[in-house]
Amino acid sequence: MREFLQHATALAERGVMFVTITLVEPEGHVPQDIGAKAIVTETGLCWGTVGGGRLEARAIVHAQEMLARESAAARAARATPPELVRYELLRDLNMVCGGAATLFYEITAPIRWKIAVFGAGHVAQATVALLSTFACSLTCVDPRQEWIARIEECPNLRKVCALNPPDIVATFAPDTFYLCISQGHATDLPIVREILRRGDAAFVGVIGSEPKARTLRTTLLKEGFAESIVAAIRCPVGLAIGSNSPAEIAVSIAAQLLQERDAPRMSTT
């Protein structure tokens with residue numbers, strides 16, 4: 001178990017997606033003991049064994065199929081669910097030793113839902129506190145160290161104090177969800193401009209009123225950004241629910257992010 005944990009931890013720290021296969025119920029003549037484990041990555045068997053031979057070959061193929069499904073859902077926030085598969089060794093694998101083996105497949109994938117919050121004021125603090133409870137990788141950026149310091153530490157949260165927040169936009173992965181909740185239009189605009197120049201955001205939300213939204217869109221259109229790109233900006237960000245308190249604005253923003261994240265999956269169900 002210690003060796004398994006070492007290998008699994010090393011892969012997770014490198015951001016490598018993998019499947020852990022565990023022999024949970026051997027029956028009859030099975031070439032491994034209960035609890036035997038193997039780790040499979042997209043390139044094949046990485047560590048361990050659940051019995052070798054045709055059983056293990058079939059298990060590796062099944063694990064790689066799971067990994068392929070997970071890779072195809074690049075924006076999914078939830079990992080592919082675990083699977084429990086029972087194999088009759090003679091019937092299913094033509095293994096003359098007979099018996100049966102039940103294997104448990106569990107995928108470990110890096111968190112793919114990435115959210116960047118620009119701003120650390122009252123609304124941003126409430127929003128970050130709520131989003132940090134989700135299965136996401138969260139970054140909060142603000143030039144004011146004293147405000148950044150007020151945000152509670154969390155394992156999936158990275159706090160960045162940057163004198164020029166627009167410079168940080170280049171550091172994020174494609175398909176990041178961006179929230180601009182800074183001190184106002186003058187500080188939001190340069191950030192939005194950099195996000196649009198990248199052209200690979202999954203979501204761009206800007207806090208503000210309808211007049212601010214018109215000003216933002218008018219400015220960006222005059223600067224030459226395509227109308228379709230500018231129209232996709234959610235400003236005011238958040239669903240039309242709740243009051244103007246920071247906590248309830250945070251709920252409306254989080255709800256909209258969930259709605260946008262799940263839109264592709266909901267459209268196919």
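Every number in this text was worked out from the coordinates using simple rules, so none of it is lab data. Since the model is a prediction, treat every value here as computed from it, not as a measurement. Using ideal geometry, Cβ is built from the backbone for each residue, glycine included, and neighbour counts are taken over all protein chains shown.
So for the range 114-267, what are the equivalent ellipsoid semi-axes in whole Å, largest first, each being the square root of 5 times an eigenvalue of the Cα gyration tensor?
Details: eigenvalues 92, 65, 51 Å².
Largest first, the range 114-267 gives 21, 18, 16 Å.
Given springs between every Cα pair under 10 Å in a Gaussian network model of the chain, which of Ser71, Ser137, Ser209 has the largest fluctuation?
Ser209
List the GluC sites (Glu not before Pro) within the range 1-54 that fall in a DSSP loop (any state other than H, G, I, E or B) and whose Cβ has at most 15 other Cβ atoms within 10 Å. Spell out each step's value before the answer.
Values: sites: Glu3, Glu13, Glu27, Glu42; in loops: Glu42.
Within the range 1-54, the qualifying GluC sites (Glu not before Pro) (loop, at most 15 other Cβ atoms within 10 Å) are Glu42.
Restricting to the range 62-179, what percent of DSSP beta bridges are antiparallel, rounded to 5? Walk me through the numbers on the way to the answer.
Numbers: 6 of 19 bridges.
So the antiparallel bridges in the range 62-179 amount to around 30 percent.
Please report, largest first and rounded to whole Å, the three semi-axes of the ellipsoid equivalent to the range 42-188, where each semi-axis is the square root of five times an eigenvalue of the C-alpha gyration tensor.
Working: eigenvalues 451, 36, 26 Å².
Output for the range 42-188: semi-axes of 47, 13, 11 Å.
Give or take rounding to whole Å, what are the principal axis extents of the alpha carbon atoms in the range 125-171, in descending order?
28, 24, 16
Which value results when the Cα radius of gyration for the range 2-108 is divided by 2.2 N^0.38 Å?
Details: Rg = 13.9 Å, N = 107, 2.2 N^0.38 = 13.0 Å.
Relative to the rule-of-thumb radius for its length, the range 2-108 sits at 1.07.
Could you please rank Ser243, Ser252, placing first whichever residue has the fewest other Cβ atoms within 10 Å of its Cβ?
Ordered by Cβ neighbours within 10 Å, fewest first: Ser243, Ser252.
Treat the count of other C-beta atoms within 10 Å as a stand-in for reagent exposure and order Lys212, Lys114 from fewest to most. All intermediate terms of the calculation are to be shown ahead of the outcome.
On the way: Lys212 16, Lys114 20.
Sorted ascending by nearby Cβ count, the order is Lys212, Lys114.
I'd like the orientation of helix 122-131 relative to the chain: the angle between its Cα long axis and the longest Cα principal axis, in ° from 0 to 90, rounded to 10.
Taking Cα atoms only, the helix is inclined about 10 degrees.
Given all pairs of different Cα atoms, what value in angstroms does the Kirkwood hydrodynamic radius of the range 166-230 take? The partial results should precede the final answer.
Numbers: mean 1/r = 0.0832 Å⁻¹.
One over the average 1/r among Cα pairs gives 12.0 Å for the range 166-230.
Based on other C-beta atoms within 10 Å, arrange Val24, Val40, Val169 from fewest to most.
Details: Val24 15, Val40 26, Val169 22.
Exposure proxy ranking, most exposed first: Val24, Val169, Val40.
What percent does the relative contact order of the chain come to when contacts are Cα pairs within less than 8 Å and at least six residues apart?
Working: 480 pairs, mean separation 37.9, N = 269.
For the chain, the relative contact order is 14 percent.
Return one number: the angle in degrees, 0 to 90 and rounded to the nearest 10, between the long axis of the Cα atoms of helix 246-267 and the longest principal axis of the Cα atoms of the chain.
50
So what's the projected area for the chain, the Cα convex hull averaged over all directions, in nm²? Present the calculation step by step, with values, prior to reporting the outcome.
On the way: hull surface 69.0 nm².
That works out to 17.2 nm², a quarter of the Cα hull's surface.
Please state the relative contact order of the range 114-267 as a whole percent: Cα pairs under 8 Å, 6+ residues apart? Walk me through the numbers on the way to the answer.
Details: 249 pairs, mean separation 35.6, N = 154.
Computed value for the range 114-267: 23 percent relative contact order.
Which is farthest toward the positive dipole end of the range 2-108 among Gln64, Leu45, Tyr105, measuring Cα position about the Cα centre, with Cβ charges +1 (Lys, Arg) and -1 (Asp, Glu)?
Gln64
Placing unit charges on C-beta atoms (Lys and Arg positive, Asp and Glu negative, everything else neutral), compute the dipole magnitude of the range 114-267 about its Cα centre in debye, rounded to 20.
On the way: 15 positive and 15 negative charges, 36 e Å.
The calculated dipole for the range 114-267 is roughly 180 debye.
Work out, step by step, the length gained on full extension between Ala255 and Ser71: first 0.36 nm times the residue separation, then minus their alpha carbon distance; give nm to one decimal. Write down the numbers at each step before the final one.
Working: separation 184, 0.36 × 184 = 66.24 nm, distance 2.52 nm.
Taking 0.36 nm per residue and subtracting the Cα distance, the gain is 63.7 nm.
Can you tell me what share of the DSSP beta bridges in the chain is antiparallel? A percent to the nearest 5 is fine.
55
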